1. Out of curiosity, is A:Thr196 surrounded by fewer than 16 Cβ atoms within 10 Å (Cβ to Cβ) and more than 7 Å from every other protein chain (Cβ to nearest Cβ)?
2. Restricting to segment B:1-30, and then to whatever is within 8 Å of chain A (Cβ to nearest Cβ) and within 15 Å of A:Gly46 (Cα to Cα), can you tell me which residue is most open to solvent (accessible area, probe 1.4 Å)?
3. Given A:Leu76, A:Leu28, A:Leu52, which one is under 21 Å from the mean Cα position of the chain (by Cα) and modelled with pLDDT of 85 or more?
4. In segment A:133-177, which residues are open to solvent by less than 30 Å² (accessible area, probe 1.4 Å), assigned to a helix (DSSP H, G or I), of a type outside the set (Ser, Thr, Tyr) and more than 8 Å from every other protein chain (Cβ to nearest Cβ)?
5. Quick one: A:Gly185 ticks every box in (1) under 30 Å from B:Phe198 (Cα atoms); (2) assigned to a helix (DSSP H, G or I) except a single one, so which number is it?
6. Among the residues of segment B:69-76, is any modelled with pLDDT under 90, more than 14 Å from chain A (Cβ to nearest Cβ), assigned to a helix (DSSP H, G or I) and crowded, with 21+ Cβ neighbours inside 10 Å?
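The values are calculated or read from the model by the stated rules, or taken from the named source; none is laboratory data. Remember, predicted model here, so these are calculated numbers, not experimental data. Counting neighbours? That spans all protein chains shown, and the Cβs are built from the backbone with ideal geometry, glycine included. Accessible surface is based on the protein model in full, side chains and every heavy atom, while ligands, DNA and RNA are left aside. Shrake-Rupley method; radii C 1.70, N 1.55, O 1.52, S 1.80 Å.
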Amino acid sequence: MSAGLDISKVFDSEKQLFSQQGQGFFLLDARIKIGLLFVVIVLNVGVAINTLSAILLFIGLPLVLWSRPPLGRTLLFFIAPFFPTLIAAIGIAITSGITPVLKIGMITVYEEGLIHSLGVILRVYCDITWLVLTFITTPFNTILKALRWYYMPSILVDTLALMYRYSFLLYEEFTRMNTAAISRGGKNGQWNTIKTLSRITAQVFMRTYDRSEKIFSAMVARGGEQFNADK
Amino acid sequence: MHISEGIITGLPAVGYTIVAVGLTAVGVQKMKAFIAENPEKKPLLAMGGAFIFLLSLIPIPAFTGTCSHPAGSPLAAILLGPWIALTLTAMSLFLQAAFFAHGGFSTWGANVITLGVGGAFCGWLAFKAARQAGLSLVVSAALGGLIGDIMTYATAGFSLSLVMAFGPNPQLSFSQYLVAIYAAYLPTQGPIAIGEMFLTGLLIGYVFKQRPEILQELKVVFTKAAIILAVFITLSIPFSDRLYAEDSVLPSVSSEQPAITEEESGMAGMDEAVNEAMAEAAGLAARDPYINLESMGDVWNAVMLLAGAICGFIFGRYWHMLVGEDKKS
């Protein structure tokens, strides 16, 4: 699953968000988007009525098409939950229900289970559609501002901001060292791979530790040491 | 392991979210206390969160031809403590859901409990228990990684079984769902747990080898106070042994005519048995020591009392480095 999670693509799409003036949901205020997302998740998952989920999905899909978010990341959003959802749906279809509709060897598919699993698929893609509308049409720093507006604790918002800022950097460092290790034959065999990955991750952690001290010094030097636990 | 968006619905989803928000709130308080104590470490928390996020992107081989990613929360708990690891995991899950649709917002609560309680807390407890049992740092960390990973899957399986067993028209009982889900997890997640065990153990080992002061600052390994205490205990063992020997074998030390001589008791030391004998053979008779503690019972007691007071002071001064500081203090 991880092989598909290329963080550099996220970074590219974030840059696109800053450079392009989109349409549809791109023009909507982030606070409204987060509010809408919250309402949709509560209705979709909290109330959990299939008809309601279908309505929300069919409202969301045209909005996605109208807003035209970056294709690659949108596809990732729709593909990523596909296999876990499929496995869960199959599991539900064959282990719950009372009315058999299909029998394949020892496995029986039940009508109620099938309806339940279709409902699960519906809810998953309803949520995903609205996640696309919220997160792929909004730069992350705008989302953070909106979260702050919603009174999310400052320490969480600050930490999220720094996490977002440095995730890309750490990933780049890791990728660079990983490529160097591969080119030196550091990943021949599974045991070697584990050892090399541990060594690289340890290096990244040590650099992370040093970098955090430098960040603090830089913040203090710029008069930014006001961030404290009282916030 | 993330439970996908939309899988858990209705009251269970709300319940998991409420519990996760509560746990995260406690974690936020711990983070605030940590920052109040070490303001310079605030970026470290964010970097720790980014590190957990990075770990979830690292593919580790699963020995079965596939690969998956480590949970990361046991390692974070070993390095930063379980509550902070839980909060950082919660934030990391937020980023993963927002960037990759990995996990989700409706299952965020269940995932926080799975990775935070199952991964971070159980991993941390396993690490601490292994350290208490006297296992080495690397082995303890590896055990922490293994148990944390296994408990992550165990908790995830438990959550899913609960939802399915109490869902509409279940065909199996709760325990049967549990067995079925664990059996489905085992072929891939078992090897991944072993991979995480090696990754966590080796990583902590490499950091300890190259930068032990980092682990000391994060209170992962013994600090100076503990080392001083350990040195004192080690040094005091010969003295206590000697005292015990004197008390038990030579009960009348102060009497002029001891009941049993040192030679008779078989407790003669190196000085008496070898050095003094060689010195006398060379014509140099042994003289009395300048400070003869053995003949000065009260002085010896006073010295021991003073040593105890000094060590008590050192322990009292640095106790928080051994067991972690109480927030209220």
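1. no
2. B:Val14
3. On the way: A:Leu76 fails: modelled with pLDDT of 85 or more; A:Leu52 fails: under 21 Å from the mean Cα position of the chain (by Cα).
When all the criteria are applied, what remains is A:Leu28.
4. A:Leu133, A:Leu144, A:Ala146, A:Leu147, A:Val157, A:Phe168, A:Glu173
5. Checking A:Gly185 against (1) under 30 Å from B:Phe198 (Cα atoms); (2) assigned to a helix (DSSP H, G or I), the one that fails is (2).
6. Checked against the condition, which is being modelled with pLDDT under 90, more than 14 Å from chain A (Cβ to nearest Cβ), assigned to a helix (DSSP H, G or I) and crowded, with 21+ Cβ neighbours inside 10 Å, segment B:69-76 yields at least one hit.
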